[in-house]
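These notes are about the structure you will find just below.
Only the coordinates and a few stated rules stand behind these numbers; no lab work does. Quantities reported herein were computed from a predicted structural model and do not represent experimental measurements. Positions of Cβ are backbone-derived with ideal geometry, glycine not excepted, and every protein chain shown enters the neighbour counts.
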Amino acid sequence: MRFLTRSLTGLFLLALTLGLLALGAFAIRSAVAERAAGAPGAQMARERVFAAQVVALEYGTRVPKLTAYGQVTGLRQLELRATRAGTIVALAPEFVEGGVVDEGTLLVQLDPAEAEAARATAEAARAESEAALALAGRTLAIAADDLAAAEAQLALRQKALDRQLALNDRGLGKATDTEAAELSLSSARQAVLTKRSALSSAEAARDQAENALRRAAIALTEAERELAETEIRAEFSGHLSGVTAVRGGLVSSNEKLADLIDPAALEVAFRVSTAQFSRLLDANGQLVTAPVEVLLETEGVEIPARATLVRAGAAVEEGVTGRMLYARVTEGAGVLRPGDFVTLRLDEPALERVAEVAASAVDASGRVLVLAEENRLTEAPVEVLRRQGDRLLIRADLPAGTEIVAERTPLLGEGIRLRPLRGAEASALAAPQTIRLDPERRARLIAFVEGNTRMPAEARDRLLSQLAQDEVPAEVVERLESRIGG
């Protein structure tokens, strides 16, 4: 009985094993058949479709912006130099680096003792010359009176001789009386000549006294000028730079003490290409008086100022190209200083029937990808007229409203089918313009801005207000972190 039970159990296990093996063989066969039926050659290939942003061409009138870089220079600058040697006995409190002075302020006082003594000596010499001139005048008046008296005496002697001769004609006169009258007349004539000589000497003495007075006046003027040269005053209101003078220092003649710069009289020198320069000329070939926007970049913030294009360089320096232009600052000069490197933007003549597109839409050969029928791409040539940063002004033989790819990639080319992205759908894929900062990162940026003493107060307040917001402009964060090594 036990043998029969074991035999039946063995047969059952054998039958179960054979069934499982048959089921496995059937599954393998079915898989192989299914794989053979799904071979690549047996199904239809699908065309790959790419997605990209497209923009429509809109033609119109555009005013190109010319961007250049230049340096601020002082239009009104004065070197303060010692016109004579001496010891500095006094300095104005404002006579320091960056000091602000007003017109007429006494900046430097040299030791005036020697100059004051020279002036006193010149004043005494002039007083002596004035006294000598007064004496010469009185002597001249007396000499003139003496001459008049001698001439009157001569006239009387002449009348006496005439009477004696009349008596002689009537036989009543004497020879001795006649001879005496003639001698008296001769003596009177000699006296007149003597008085005339004395008058001439008195006139010469007066002339010499007048010349001596003039020389004394010149000497006094020279002494006063030398005394005035011991004082160095500000000829105009401005800022001091390059201060080297110290109280008690001994300076030599023509030694430079400082520079006085008028902060309100500034201009910017910048260079443009010859082609750009030609676009800034009017019909008569003269430079146009165009407004210029001046931007001073500091710690990620652009501080604006206004200027006016005034002139062009007269010659081209050896080894350089283009043209040097000069713009005079008219607004916002308070934040600029000579030596600042600034960015300038000015308007060029307007262009008609042009479209503005992103620079990434045009390849190096000047061609764009146009969205044609069935959303397929075709290439078309365009004329690039101006480059405006990451934007281009183009002119093309394409109808207005034609859609082109906004940003070309190596995956896109002629004949490719495209899924165009327009409007809100394209904006959703754009990179965010603001970012959210964690507390540590925000505190680090705020501490950097607050600790920068060179930044203008207005720019610092603007940055702090931006950093205090929940969403901070990504460009501001990137610029600040690039300066602090973030």
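Under a Cβ-only charge scheme (Lys and Arg +1, Asp and Glu -1), can you give me the dipole magnitude of the stretch 351-429 about the Cα centre, in debye to the nearest 20? The partial results should precede the final answer.
Working: 11 positive and 13 negative charges, 30 e Å.
Its charge dipole is roughly 140 debye.
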To the nearest Å, what is the center-to-center distance of the stretch 346-366 and the stretch 448-486, using C-alpha atoms only? 33
For ARG462 and GLU210, calculate 0.36 nm times their separation in residues minus their Cα-Cα distance, and state this gained length in nm to one decimal. 83.4 nm
Could you work out [θ]222 nm for the chain from helices alone, using -39500 (n - 2.57) per DSSP H run of at least four and dividing by all its residues? Round to the nearest 500 deg cm²/dmol. -14000 deg cm²/dmol
Which aspartates and glutamates, on any chain, are close to LYS256 with Cα under 15 Å apart, when same-chain ones fewer than 8 places away are left out? GLU79, GLU97, GLU229, GLU231
For percent of Cα pairs over 33 Å apart, with candidates (1) 73; (2) 35; (3) 53, the value calculated from the shown model is option (1)
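For a quick check of your reading of the filter: which GluC sites (Glu not before Pro) in the stretch 183-251 sit in a DSSP loop and have no more than 16 other Cβ atoms within 10 Å? List each step's numbers first, then the result.
Values: sites: GLU203, GLU210, GLU222, GLU224, GLU226, GLU229, GLU231, GLU235; in loops: GLU229, GLU235.
In loop regions of the stretch 183-251 (DSSP not H, G, I, E or B), the sparsely surrounded GluC sites (Glu not before Pro) are GLU229, GLU235.
Quickly rank 118-128, 322-332, 273-283 as a protection proxy: mean count of other C-beta atoms within 10 Å, highest first.
Values: 118-128: 16.0, 322-332: 18.7, 273-283: 12.8.
Taking the mean over residues of other Cβ atoms within 10 Å, the ranking is 322-332, 118-128, 273-283.
First measure r as the distance between the Cβ atoms of SER197 and ALA85, then evaluate 1/(1 + (r/R0)^6) with R0 = 51 Å and state the FRET efficiency to the nearest 0.05. Kindly include the intermediate steps, with their values, before the conclusion.
On the way: r = 52 Å, r/R0 = 1.02.
Between SER197 and ALA85 the formula returns 0.45.
Arranged from highest to lowest average of other beta-carbon atoms within 10 Å per residue, in what order do the peptides 287-298, 179-190 appear?
Working: 287-298: 17.1, 179-190: 15.2.
Ranking, from highest mean packing down: 287-298, 179-190.
How high is the FRET efficiency between ARG441 and THR409 when r is their beta carbon distance and R₀ equals 25 Å, given to the nearest 0.05?
Numbers: r = 33 Å, r/R0 = 1.30.
In this case the efficiency is close to 0.15.
Taking R0 as 25 Å, what FRET efficiency do you get between ARG48 and ALA380 from their Cβ-Cβ distance, rounded to the nearest 0.05?
0.60
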What is the set of long-range amide H partners of GLU229 at a cut-off below 5 Å, with H atoms built 1.01 Å from backbone N? none
Where does helix 175-228 land angle-wise versus the long Cα axis of the chain, in degrees 0 to 90, nearest 10? 20
Put +1 on the Cβ of every Lys and Arg and -1 on every Asp and Glu Cβ in the chain; which of SER30, ALA459, THR402 then has its Cα farthest towards the positive end of the dipole? SER30
Within the chain, the percent of DSSP beta bridges that are antiparallel, given to the nearest 5, stands at 95
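Using Cα pairs under 8 angstrom and six or more residues apart, how large is the relative contact order of the stretch 351-429, in percent?
Details: 119 pairs, mean separation 27.9, N = 79.
RCO, the stretch 351-429: 35 percent.
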To the nearest 20 debye, what is the magnitude of the charge dipole of the stretch 9-137 about its Cα centre, counting +1 on the Cβ of each Lys and Arg and -1 on the Cβ of each Asp and Glu? 1900
Under 5 Å between amide hydrogens, which residues at least 5 positions from PHE236 or on another chain qualify, with H placed 1.01 Å from N in the peptide plane? GLY104
Using the basic label-point model (7 angstrom from Cα toward the beta carbon), what is the LEU8 to ILE142 distance in nanometres? 18.6
Given Cβ point charges of +1 (Lys, Arg) and -1 (Asp, Glu) and nothing else, what value in debye, to the nearest 20, does the dipole of the chain about its Cα centre take? 2180
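Multiply the residue separation of GLU255 and GLU297 by 0.36 nm, subtract the distance between their alpha-carbon atoms, and state the gained length in nm to one decimal. Present the calculation step by step, with values, prior to reporting the outcome.
On the way: separation 42, 0.36 × 42 = 15.12 nm, distance 3.64 nm.
Length difference between fully extended and current span is 11.5 nm.
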